[in-house]
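Would you mind keeping the following structure in view while I ask a few things?
Each value in this text was obtained by applying a stated rule to the coordinates, not by laboratory testing. Computed from a predicted model, the values in this text were never measured in an experiment. As a convention, Cβ positions derive from the backbone with ideal geometry for all residues, glycine included, and neighbour counts pool all protein chains shown.
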Amino acid sequence: MVATSASKTFTYKVLQGYFLQTDLKAEPGTIGPNPDAFGLIDGDSKTCWSDFKAKITKLQQDAPVATKYAVCWFGRHGQGWHNVGESKYGTVEWDKKWSLLNGDGEITWGPDPELTDLGKQQASEAHKVWKTELARQDPVPLPTILFSSPFSRAALTLDITLPTILFSSPFSRAALTLDITFSGILTHMKDGTGLRPYIMENLREMNGEHTCDKRNPKSRIHEMYPEFEFEPGFTEEDELWTPDHRETVQEIDDRLKVALDEIFGSLLGKSDIFFSITAHSGTIAAALRVLGHKEYVLPTGGVIPVVIQATENK
């Protein structure tokens, strides 16, 4: 976990009644990775997005000084080669043997594996949903900040899907997902403008032992995604990955609590109500636990929006 200078901490609550995924009986397999209108409950209404934005804006306007309301679109990276490896050998053998290696002679999955062609296609499906919802007469509100894992599989997914602040895991699979998701929507604009996704070390996947969860050097990430911005203090080499210790659930939850506190305490401005985090299954699961969301196993390339109430601890 990366220590931060953020001094503010928050207590979080998930607001129900907006998205299907938040319903206590919601089944990811039934809803799918990218449902119409991202699962907005009244998504068939012609004014659904303006109505939704008005409700969230009203919540923020009426909120006490120490409380902030925001909506985060969590995006999981598309299929990476490590996912293929686990499917090939099964989870038991993967965890016991293969995840500790860089590959098997046929597939390379470490460190920081790239997206497969299917993974890129999955990120493109998320991109299509954004394009569809933006094409409405009443369009979806766009994130103003994009955050990403430092891993390439997340960054490319983000870039394909959307590319206002966008936050990313430092892994290439996350960065690639971000890159595909937001390309031409929030990044890589034809006029040369666009958001600069923000890479945070604490948005990385569950850390340790598995070689797929060791990130690339900073210079390599910058070479692949020059438009991405790194958080202050981001090191050249991965100084956090350890070959002999796998993060526990409590440790990754603590790390995501630090990341969310930093986002809400210092990175989101007063006008930043909608933002995006592109990361990993373990990262998103931990964030949902910290927020108080029901367990929700997000499929590869999937998106889950969450309405969040954050109250500063005094």
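Along the Cα→Cβ direction, 7 angstrom out, place labels at Ser219 and Lys13. What is the inter-label distance in nm?
Between Ser219 and Lys13, the simple spin-label model gives 5.0 nm.
Please report the net charge: other residues with Cβ closer than 9 Å to the Cβ of Glu262, K and R +1, D and E -1.
Here the charged neighbours net out to -1.
Using the structure shown, list the pairs from Lys58/Lys314; Lys13/Lys55; Lys25/Lys214; Lys257/Lys314; Lys88/Lys128; Lys214/Lys270 with a Cα-Cα distance above 27 Å, or answer none.
Lys25/Lys214; Lys88/Lys128; Lys214/Lys270
If you don't mind, another one. I'd like the distance separating the alpha-carbon centroids of segment 242-314 and segment 93-136, in whole Å.
20
According to a simple spin-label model (label point 7 Å from Cα along Cα-to-Cβ), what is the distance in nm between Ala26 and Glu106?
Placing both labels 7 Å along Cα→Cβ, they lie 3.7 nm apart.
Going 7 Å from the Cα of Asp138 toward and past its Cβ, which residues in segment 10-47 have a backbone nitrogen under 19 Å from where you end up?
Residues passing the 19 Å test: 17-20, 36-47.
Let me ask something else about it. How much net charge surrounds Trp130 when only other residues with a Cβ under 13 Å from its Cβ are counted (Lys, Arg +1; Asp, Glu -1)?
Surrounding charge for Trp130 is -1.
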